[in-house]
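My structure is below; once you've seen it, I'll send some questions.
The values are calculated or read from the model by the stated rules, or taken from the named source; none is laboratory data. Since the model is a prediction, treat every value here as computed from it, not as a measurement. Counting neighbours? That spans all protein chains shown, and the Cβs are built from the backbone with ideal geometry, glycine included. These area figures cover heavy atoms from the full protein model, side chains too; ligands, DNA and RNA do not enter into them. Shrake-Rupley method; radii C 1.70, N 1.55, O 1.52, S 1.80 Å.
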Amino acid sequence: LHPHSPNHPKDEASFRDFAMMLRAMVHAHSYRNPASGSVYDYKMHAIIHPLAKKCRSSEDLFEVRDSSGGEGGGDYSEGTNSIVDRSVVLQNLGYQIALKYPPLSKSSIQGSEYLKEYMEKNVDQIVDLIRLYAYELEGYDAVVLVDYDTLILGPVDKAVDLIVDSKEEEDDQDTNGGGEDGNTDNNSNDSINAVFSWEHLPSLVNPQARASVINLSFFLLRPSKATFQKLLLKYQNAPFSETKGWGSMTSRGSFPGWMTTQGFLTYYYDEVANADKVEMSRCAFGNTGEDYGSNNDLILITNGGKVECGDDGQQSEAGGHSSQCNDCSKSKFKDVVVADLSYCHAPWECGGGDSSSGGEGDDNDSASSTTDKLSSGLCRQFQKMWFDGRLQMEDVHPQLQKGSGKLCIDGQYQPMMLLKPSVAYRPKFMSR
């Protein structure tokens, strides 16, 4: 995916643990856990490019041990440098798999010769557009795009309600004859088709500035095959320039991911379907925990031009973007619903240095002291929440060996361990 997440798991064990913990946290804050208070159920989907289906593992994916803690061999473990089928791994974790090639070809791009030539030279980047297939999942009221930076900390009902309630109102209008015809064009003021927050990515043009773009760590959409087709048509024909990027309005210029899904959807919901979106607080949905410092001289580049944030974390001039200037690192942990770990290190990165992480009572070890990023209070709390969840899973799950409580040793992530199964190996980590 582009831009590549700094938290992209570098080995198959970390990939498996990420997928397992993502579903565990979604499950914990869904209707299936009565204590969550959520009214929404869920289903996990994974969209995979066929060439990414099988990967060569540099380490054992599943290190299987018997109940005494000894190594278990035989047919239950993957050998070093073995080929790992990620689709099978994810299916065993309860994900529904869709193998997809990019929804359009490089040769179909007509709106910009520069974009077309760039994609022809960088053939891997158009693959990122497979994310758009999420719009085809019409069997659901709402679909959420997530990535390797996503950490679900609470029920997301407040965001999902916006999509669901809008759909119900639209259905009522159709039933009562309120619309001009039976077809909706997704451009009605009553229609909400996207709910998201903004994130600030470094500008590749102005080192002092950041581009304010859609955060794909939590991007909620109303699935629609009609919208999917509109997106493809717009990507192929929309204007794109080397200096401005997408569209005809004052643009953000270049930033990581500006040509792929993140940059394109930012343009689409700014210029094409502006009335169809709701912007959520970036401190609650997509909080990175990044501290901009006591002197907040942040310059943001939005579709409306530059926004200069004042020392108090608010916009220095009157306007509609003051919430984007808020210093979300000062947020209370209990107010964060979805964290974005793109700034903080992911737990399987072990802080980028020597660290040992334990469970309760070992909070000082839950993040690396060698990295300034982890001095952020929220970063430490985000990591501790993930670590505690993993340790709890090892305590209660019958197929997982109880760990030592040390998840990072000498800067190396210690993956979960499977007990030796008594039947043919097919784990169900998160069975209903």
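Give the accessible area for Lys384 in Å² (nearest 10); use a 1.4 Å probe, count only protein heavy atoms, and leave out ligands, DNA and RNA.
Answer for Lys384: close to 50 Å² accessible.
Ok, one more. Would you mind calculating the gained length between Lys10 and Arg32 on full extension (0.36 nm times residue separation, minus the Cα-Cα distance), in nm to one decimal?
The span from Lys10 to Arg32 would gain 4.8 nm if fully extended.
Test of understanding: what is the full-extension gain from Asp41 to Val146, defined as 0.36 nm times their sequence separation minus their Cα-Cα distance?
Additional length available on full extension: 36.1 nm.
Assign one of three labels to segment 193-289, namely rounded, prolate or oblate, based on the Cα gyration tensor with a ≥ b ≥ c the square roots of its eigenvalues; rounded applies when a/c is under 1.5, prolate when it is not and a/b is larger than b/c, and oblate otherwise.
Oblate, since a/c reaches 1.5 and b/c is not below a/b.
Taking R0 as 22 Å, what FRET efficiency do you get between Val88 and Asp124 from their Cβ-Cβ distance, rounded to the nearest 0.05?
So, using R0 = 22 Å, E works out to roughly 0.40.
Please calculate the 1.4 Å probe accessible area of Lys100, with all protein chains present, and give it to the nearest 10 Å².
Rounded to the nearest 10, the figure is 60 Å².
To continue, here is another question. Evaluate E = 1/(1 + (r/R0)^6) for Lys158 and Ser241, where r is the Cβ-Cβ distance and R0 equals 45 Å; express this FRET efficiency to the nearest 0.05.
0.75
Can you compute the modelled spin-label distance between Ile299 and Ala275, with each label point 7 Å from Cα toward Cβ, in nm?
Spacing of the two 7 Å Cα→Cβ label points: 3.5 nm.
By a straight-distance test (C-alpha under 28 Å), which lysines pair with Lys10 as possible cross-link partners, with residues fewer than eight away in the same chain excluded?
Output for Lys10: Lys43, Lys53, Lys54, Lys100, Lys121, Lys373, Lys384, Lys402, Lys406, Lys420, Lys428.
For a quick check of understanding: with a 1.4 angstrom probe and all protein chains in place, what accessible area in square angstrom does Tyr31 have, to the nearest ten?
Rounded to the nearest 10, the figure is 140 Å².
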